[in-house]
Each structure stands twice: as structure tokens, then as C-alpha cells.
Amino acid sequence: MDPEKFPTINVLNVVRGFPNPKLPHHITPFRFELQNGDKHQIKKIRQVHKERVGKAMHYHYVVVTTEERYFHLVFDSLTLVWRMVQEVDQKLFFS
């Protein structure tokens, strides 16, 4: 992924080691910080999917923040880096 097009972000997440109904996803993000300092608490994960990219897996999340903003985030399992793909307009995807 192009670092200029998809900037890295800081994410507080949990990696599940065993099945737990409170953690439905293997990797669960809880909050994130953009490079400009904006911080967002994740209220809900709307969509999750993964895709193989070379030797890595990319885990894609569409999340809703407590401010009702939607973001597409990606975790790269090879580099262990989170990136923000875009802020998503709710009306485009969920109407």
C-alpha cells in the first residue's frame, strides 16, 4: 500500500488468542489516532473482510466512531501496520 495515499495510523487493538463471544474478530480495533492528532473511539465494526496480498493478509474494517463517522481501516499482517484507506460517507454504502 502506498504510504502517501494510505497514511499509517496508531490503533489500540486486541488480538484474540482463543474464542471469546465478546471478541468476534481475531483482531479487534477499539480506537485510533490519525497523523494530524485526531483521535477516534470505535463504537461499532460494520464490515470486516480479509484478502491475501503477496505473503501478507490485509484485514479490512469499516468502523463507526462515537461521532457517527465511518472509516475504512486496513491492518497489514506482514508489516504489522494499520492504515486509513478513507473516511466513508454513510449514505454511499449503507442506505
Run the reach check for Lys55 against lysines, Cα to Cα strictly under 25 Å, same-chain hits fewer than 8 apart removed. What comes back?
Lys5
Grab the DSSP H runs of the chain that are 4 residues or longer, score each as -39,500 (n - 2.57), total them, divide by all residues and round the 222 nm result to the nearest 500 deg cm²/dmol.
-1000 deg cm²/dmol
Mind listing the phi-derived Karplus ³J(HN,Hα) values for segment 19-31, rounded to whole Hz, using 6.51, -1.76 and 1.60 with θ = phi - 60°, and x for any glycine or proline?
x, 8, x, 7, 10, x, 10, 4, 10, 10, x, 10, 7
Could you give me the ³J(HN,Hα) list for segment 67-74, computed from phi with Karplus coefficients 6.51, -1.76, 1.60 and θ = phi - 60°, whole Hz, x at Gly and Pro?
8, 6, 9, 10, 10, 9, 10, 9
Taking a cut-off of 19 Å between Cα atoms, list the lysines near Lys22, but don't count ones fewer than 8 places away on the same chain.
Lys43, Lys44
Mean Cβ-within-10 Å packing, highest first, puts peptides 28-35, 69-76 in the order 69-76, 28-35
Packing-based ranking, highest mean first, of 54-67, 6-19 given that Cβ atoms within 10 Å are counted
54-67, 6-19
Amide H to amide H under 5 Å from Asn13: which residues, 5+ apart in sequence or cross-chain, H placed 1.01 Å off N in plane?
Phe30
Both in Å, the radius of gyration and Dmax of the C-alpha trace of segment 8-89 are 12.3, 36
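Bear in mind that the values in this text are calculations on the coordinates, not laboratory data. From a predicted model like this one, the values you see are computed outputs, not experimental measurements. Backbone-built Cβ (ideal geometry, glycine too); neighbour counts: all protein chains shown.
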